[in-house]
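The values are calculated or read from the model by the stated rules, or taken from the named source; none is laboratory data. None of the values given here were measured: they were computed from a predicted structure. Note that each Cβ is placed from the backbone with ideal geometry, even for glycine, and that neighbours are counted across all protein chains shown.
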Amino acid sequence: MPHWLQLMLDSLGPLLWAGLIFTIPLTLLSFVLGLGLGLVSALIRLFGPRPLAAVVRFYVWIIRGTPLLVQLFLIFYGLPSIGIVLDAFPAALIGFTLNIGAYTSEIIRAAISSVAKGQWEASFSIGMSWGQTMRRTILPQAARVAVPPLSNTFISLVKDTSLAAAITVPELFQAAQRIVATTYEPLILYVQAAIIYLAISSVLSALQARLEVRLGRYGGFMEARS
């Protein structure tokens, strides 16, 4: 068996284990928490009091205007200087959540804004409250617009988790780095890590395509009813 193939087979288990234990949980938790933060931020921007909306705009401006790697370093290496010490995984989770929250906030805000004002008026005319209108009319329609960019953000997050290696989170990419440090075969190991990231992203892209098809059918059904 060729040396490179044997090395890839030997390292496959540790890389997949690191992805299963750290990369995937970090991705899922960050996206779910960031999505919740983004939804709240978007609603505040659209419907909240001006002072609070200004705070949210400032948060989005800071996060979108600075590199993710710098944000992670500030949380993990910077906060200890003022007495806030976080372990690597929680620090990465906070950093990714704040980052995703800012980007999803803009996506959700644009999606809600794209819903015609007539939908609000029609819901109010049949006696729905603001909350009922939001839950039953506005958010379902906004979801059709928001799902494609949100899905792309999620797929990008899978790849961005490799930055967590810089703050010592033992995820997939750092696992590859550790093996490189003992085998001195960077090309083989980094290609293998890239293939694993590519496989995960490809699966998520296929799921995204199916979800968009289902949402398209649902949207057609709703339009036919109306």
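Annotations for the structure displayed:
- Hits in segment 30-80 - residues which are surrounded by fewer than 12 Cβ atoms within 10 Å (Cβ to Cβ) and either under 26 Å from SER151 (Cα atoms) or charged (D, E, K, R) (or both): PHE47, ARG50, PHE58, TRP61, GLY65, PRO67, VAL70
- For SER105, the stated conditions hold: it is buried (at least 18 other Cβ atoms within 10 Å of the Cβ), among the hydroxyl-bearing types (Ser, Thr, Tyr) and under 21 Å from the mean Cα position of the chain (by Cα).
- If you go through segment 155-186 and keep only what is over 22 Å from ALA88 (Cβ atoms) and touching a helix residue (DSSP H, G or I) at 6+ places or on another chain (Cβ under 9 Å), you end up with ILE155, THR183, GLU185, PRO186.
- Evaluation of LEU86 against (1) farther than 27 Å from PHE154 by Cα; (2) aliphatic (A, V, I, L, M); (3) not in a helix (DSSP H, G or I) (one fails), failing number: (1)
- Residues located in segment 166-178, provided they are surrounded by 23 or more Cβ atoms within 10 Å (Cβ to Cβ) and among the aliphatic types (A, V, I, L, M): VAL169, LEU172, ALA175, ALA176
- Single condition ILE196 does not satisfy, out of (1) of a type outside the set (Ser, Thr, Tyr); (2) at pLDDT 85 or above; (3) touching a Pro at 6+ places or on another chain (Cβ under 8 Å): (3)
- Residues of segment 38-55 that turn out to be in a helix (DSSP H, G or I) and within 19 Å of ILE138 (Cβ to Cβ), as a count: 11
- Residue pairs whose Cβ atoms lie under 6 Å apart, sitting 6 or more positions apart in sequence or on different chains, and linking a residue in segment 41-61 that is under 22 Å from PHE96 (Cα atoms) and touching a residue at least 40 places away in the same chain (Cβ under 8 Å) to a partner that is assigned to a helix (DSSP H, G or I) and small (Gly, Ala, Ser), are SER41/SER105; ALA42/SER105; ARG45/ALA53; VAL56/SER41; VAL60/ALA102; VAL60/SER105.
- Tabulated pairs, segment 1-21, first in contact (Cβ under 8 Å) with a residue 24 or more places away in the chain, second polar (S, T, N, Q) and surrounded by 15 or more Cβ atoms within 10 Å (Cβ to Cβ), C-beta under 6 angstrom, 6+ apart or interchain: MET8/GLN192
- Restricting the first member to segment 108-129 and to residues that are without any contact (Cβ under 8 Å) to a residue 12 or more places away in the chain, and the second to residues that are in a helix (DSSP H, G or I) and surrounded by fewer than 16 Cβ atoms within 10 Å (Cβ to Cβ), the beta-carbon pairs closer than 8 Å and six or more apart or on different chains are MET128/ARG136.
- Residues within segment 56-69 that are aliphatic (A, V, I, L, M) and within 24 Å of ALA143 (Cβ to Cβ), tallied: 3
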